[in-house]
Amino acid sequence: MRVRDYAISKDLIAQWSFEETDGKTTYEKVQKRDDSIHYIFHDAAFQPNRSIKRRKGIRGNALWFDGYSTFIQREKESFLPPTKGMTLSMWVAPYSFGGIEGESVTALINQHDRMREIGFILGFYKTGTLSFQLGLTSGWVDLSTEGVTLPKNEWTYVVATFDSSEGIIAIYVNGKLASKQQVEKDSRFLPADVDLLIGKNNHSKMIERTFSLGMFSGLMDEVCIYERALTSEEIREEFRSYLTVNGGEIPSLKHEDIAIHREDFSNDKHRPQYHLTPPGHWMNEPHAPLYYEGKYHLFYQHNPQGPYWGNIHWGHWVSEDLIHWKDIPISLSPEKNQVDPDGTWSGCAHFDEEGVPVLFFTAGNNHYLPNQMIGLARSKVNSDGDLELKHWEKHLEPILFQPKDCNLDDDGFRDPFVWKEGKVWYQLVGSGINGQGGTALLFESENLIDWSYRGPLYISDNIKYPYLGRVWELPILLPLGKDSKGNDKHIFIISPIGDEADVEVFYWIGKWDCENGVFIPDVEEPKLIDIGDFHFTGPSAMIDPKTGRLILFTIAQGERPIEYEYASGWAHNGGLPVELFLGKDDRLKCKPIDEVKTLRKRTLLDVEKVTIAEVNQSLMDISGDMLEIEATFQQREQGCIGMYIRQSQGRDEETLLYYNQSTSEFFVDRSKTTLDPKEKTRGVQGGEVDLSSAEPLKIRVFLDKSMVETYINDMKSLTTRVYPTREDSKGISLFGNDEVIVESIRVWELRGIH
């Protein structure tokens, strides 16, 4: 413990310094007792042997709060706060501010009952504005620091005081008075009959009946409670005393000292290892691919607060080969007094007129109706030389609002997609027309800031195709090259939402009529790229400037009960990057990019022209949950043919992938995928894959823990999830008539990308 002035030390009634290196409790120095630290991974089966993190603190260690499960609890019987005066002080470094809490407060420390207007809470709103609230005999008092906000990823010394004799409550930031309020002199503090919590609000709002909002995310150190109000001078001296070992300066924080650590999830048997994943917590679709100075950048929708939807930021990865990705700090966050205080949603990336990378994003702002508009951010690479594009500056105003008087859906104006032809910029924004269904709106500009509305790019018949929903998200329009007749073709991709929508990735091939600003499909009915069910969504795409390939990125939705996402600490991952191209028959082809071959660690099987029975004999000694399997079967007879994966020795768990040659359909049967009764991975999924009777069946399967991606003759993919319970559910066997000839089968063990 550092040396204090005696007058200050004798009034200290609680102090938590978090100097432990491990354990489920933290030592409180004044009462000399251990207080419990709640943390989901202390007892979680999904993350064995994982403990709460202590990181580098203002001095010694600090405690890291994950934002959704970590808090300290002192039982109400063991803590009675003072009534005539009080000081709360602590060092905090927030990593995230939350964002779907409305006006509720993220608690730093509290022991309050808001309904009865008793107790106290010190915390901050989603904008970083500090709040000190307490119940007095004269009423409930709420003091905030409107002109002063907490910075994220930096240490800040926060102090709140209540002085009954003077009738003053105050908040100090880094030793300076930030806000104060006069209350009735000699008012007494009214304690609440609830537990003292650090890092969690006594009255947390719940979502999904599982996640508590109002919880702190980041680092906390040296939490102190005094039984009187410290003076301004004492607070300044306390602030300075902490900084003596750092030359009088607040120590800087390294990103790894405050961020979510990817390696903390390494023991999770269901977490993919060679697919795109966030370091932890929640992700939505990968989006805004960009190639810059020899590196690929990809962003993703991310909630750093926890593994649940909401509070959307832009996570960021960078890669040299589109396979091995490096985590980059969060690039865009919702911000007070910016265009996106209520969410920074999906968009795209491009370059401005001077070649500077720019991001177009959906800005959420609840002060408007509709509350979605398009924002722009420019890289600071020209000013700071940051080739990893870590720093972005948002344009102060939205560059695009939803057009008025066009009968558009008020909840549909998002996901910009931008490209340039000649001197003209074009932009698509996902939307919907009331009574007509989804569409993509077309805009054009000459300077990226001033846009004019051209009209809907394409409107489908929602009577014929109700599954296309009322709004289209994530529209994409890119060139596919020439068809067999020499005609230029484009692909138009959308993801529908709405009550009747089938939330999948649909596409049309056709003509982009630039002069009239419309897309003309070759065939009216849309097609699917993937025939799984809600595991291949959230499309984004680019034309790779290195190779000219059209590369598609998607999110692979998880399919677990919400309580399992809570217990595992992460939700969802990306699919493999997929190349789209026109085949010689003018049909769309899809396959994983060739770079996935670099993941092959060793060959487990490589045989040709053998029967299914002979292959199954060889497969008895082969197992794994990170595999690539490539099998080609002769098409000689009717019936079904395919393979079992994630098969246990007794076959009480297994997943079947098969092609029905009689109906030209491919399916996954997950009726025996897991023994866990709570898991939702059940039933049969699939659809048509129209192969000729003479065409060999080629199945390419990528297995990555809970992820399964199957590609059928480069015609369709089928993406699904599996969550077996048994440790031995790693076997493979072929399915079909034992005498069927297998032209070839190869099995590779694959390595992870991190």
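Along the Cα→Cβ direction, 7 angstrom out, place labels at residue 369 and residue 336. What is the inter-label distance in nm?
About 2.5 nm, to one decimal.
Once the Cβ-Cβ distance between residue 193 and residue 594 is put in as r, and R0 is 56 Å, what FRET efficiency do you end up with, to the nearest 0.05? Walk me through the intermediate numbers first.
Details: r = 66 Å, r/R0 = 1.17.
Calculated value: 0.30.
What nm distance separates the two modelled labels at residue 142 and residue 241, each placed 7 Å from Cα along Cα→Cβ?
3.5 nm
Give the value in nm², to one decimal: projected area of the alpha carbon convex hull of the range 6-251, averaged over all directions.
Working: hull surface 52.0 nm².
Value for the range 6-251: 13.0 nm².
Quick check: the angle from helix 232-242's long axis to the longest principal axis of the chain, C-alpha only, nearest 10 degrees?
For 232-242 against the chain, the angle is about 50 degrees.
Could the peptides 492-504, 564-576 be put in order, highest first, of the mean number of other beta-carbon atoms found within 10 Å of their residues?
Details: 492-504: 20.6, 564-576: 23.6.
Packing proxy ranking, top to bottom: 564-576, 492-504.
In sequence order, what are the phi-derived ³J(HN,Hα) couplings for the range 611-616 according to the Karplus relation 6.51 cos²θ - 1.76 cosθ + 1.60 with θ = phi - 60°, rounded to whole Hz, with x for glycine and proline?
Residue by residue, the range 611-616 yields 7, 4, 4, 5, 4, 4 Hz.
Distance between the C-alpha centers of the range 98-132 and the range 500-554? Whole Å please.
Their Cα centres are 45 Å away from one another.
Using a Förster distance of 56 angstrom, determine the FRET efficiency expected from the C-beta separation of residue 113 and residue 522, and round it to 0.05.
0.30
So, with +1 on the Cβ of K and R and -1 on the Cβ of D and E, and no other charges, what is the size of the charge dipole of the range 98-240 about its Cα centre, to the nearest 20 debye?
The calculation lands at about 340 debye.
Apply 1/(1 + (r/R0)^6) to the Cβ-Cβ distance of residue 423 and residue 680, taking R0 = 51 Å, and write down the FRET efficiency to the nearest 0.05.
Details: r = 51 Å, r/R0 = 1.00.
About 0.50, to the nearest 0.05.
Give me the one-decimal nm value for the distance between modelled label points at residue 205 and residue 664, 7 Å along each residue's Cα-to-Cβ direction.
5.2 nm
With 31 Å as the limit, write out which pairs from 254/295; 10/185; 76/269; 485/698; 589/705; 295/698 have Cα-Cα distances beyond it, or answer none.
Details: 254/295 24 Å; 10/185 25 Å; 76/269 39 Å; 485/698 28 Å; 589/705 26 Å; 295/698 33 Å.
Cα-Cα > 31 Å for 76/269; 295/698; rest within.
Under the rule of at least 5 residues apart or a separate chain, name every residue whose amide H is placed under 5 Å from the amide H of residue 96.
Long-range HN contacts for residue 96: 217.
When the scattering of the range 336-594 is computed by the Debye formula from its Cα atoms alone, each counted once and equally, what is log10 I(q)/I(0) at q = 0.11 Å⁻¹?
Results for the range 336-594 at q = 0.11 Å⁻¹ read -0.63.
Can you list the HN-Hα couplings for the range 502-509, worked out from phi with the Karplus curve (6.51, -1.76, 1.60; θ = phi - 60°), rounded to whole Hz and with x for Gly and Pro?
With the stated coefficients, the range 502-509 comes to 9, 7, 9, 9, 9, 8, 10, 9 Hz.
Can you compute the charge dipole magnitude of the range 6-251 about its Cα centre, using +1 on each Lys and Arg Cβ and -1 on each Asp and Glu Cβ, nothing else charged? Give it in debye, rounded to the nearest 20.
Working: 28 positive and 33 negative charges, 74 e Å.
For the range 6-251, the charge dipole is close to 360 debye.
Taking the structure as given and computing Rg/Rh (Cα atoms, Kirkwood Rh), which label from [x] 1.08; [y] 1.02; [z] 1.10 fits?
[y]
What length, rounded to one decimal in nm, is gained on full extension from residue 380 through to residue 546, with 0.36 nm per residue of separation minus their alpha-carbon distance?
57.4 nm is the gain from fully extending residue 380 to residue 546.
Taking the alpha-carbon centroid of each part, what is the distance from the range 395-423 to the range 564-599 in angstrom?
With the range 395-423 and the range 564-599 each reduced to a Cα centre, they are spaced 29 Å.
Project the alpha carbons of the range 447-504 onto their principal axes and report the range along each, largest first, in whole Å.
Principal extents (largest minus smallest coordinate, Cα): 38, 38, 18 Å.
Send over the Kirkwood Rh of the range 599-750, from the inverse of the averaged 1/r over different Cα pairs, rounded to one decimal Å.
15.4 Å
When only alpha-carbon atoms count, how far does the range 195-311 stretch along each of its three principal axes, as whole angstroms with the largest first?
54, 44, 28
Please list, by residue number, everything in the range 263-302 whose backbone N is under 14 Å from a paramagnetic label point 7 Å out along Cα→Cβ of residue 320.
293-296
When the convex hull of the Cα atoms of the range 484-573 is projected onto a plane and the area is averaged over all directions, what value comes out in nm²?
9.2 nm²
Between residue 388 and residue 739, what is 0.36 nm times their sequence separation minus the Cα-Cα distance? Round to one decimal in nm. Don't jump to the answer; show the numbers that get you there.
Details: separation 351, 0.36 × 351 = 126.36 nm, distance 5.51 nm.
Gain in length upon complete extension: 120.9 nm.
For the range 611-685, max minus min Cα coordinate along each principal axis, in Å, sorted largest first?
Over the range 611-685, Cα extents along the principal axes are 41, 31, 21 Å.
What ranking, highest mean first, results for peptides 105-111, 440-446 when packing means the other Cβ atoms within 10 Å averaged over each residue?
Averaged packing, sorted descending, gives the order 105-111, 440-446.
What's the extension gain from residue 694 to residue 499 if we count 0.36 nm per residue and subtract their Cα-Cα distance? Walk me through the numbers on the way to the answer.
Values: separation 195, 0.36 × 195 = 70.20 nm, distance 4.13 nm.
Full extension of this stretch gives 66.1 nm more.
What are the ³J(HN,Hα) values, in whole Hz, obtained from phi via the Karplus relation 6.51 cos²θ - 1.76 cosθ + 1.60 with θ = phi - 60°, for each residue of the range 376-386 in sequence order, with x given for Gly and Pro?
For the range 376-386, the Karplus curve yields 9, 10, 10, 5, 8, 4, 5, 9, 10, x, 7 Hz.
Where the centroid of each part is defined by its Cα atoms, how far is the range 713-750 from the range 144-183 in Å?
61 Å
No value in this document is a laboratory result; all are computed from the given coordinates. It should be emphasised that the depicted structure is a prediction, and the values quoted were computed from it without experimental measurement. Every residue, glycine among them, receives a Cβ derived from its backbone with ideal geometry; neighbour counts consider all protein chains shown.
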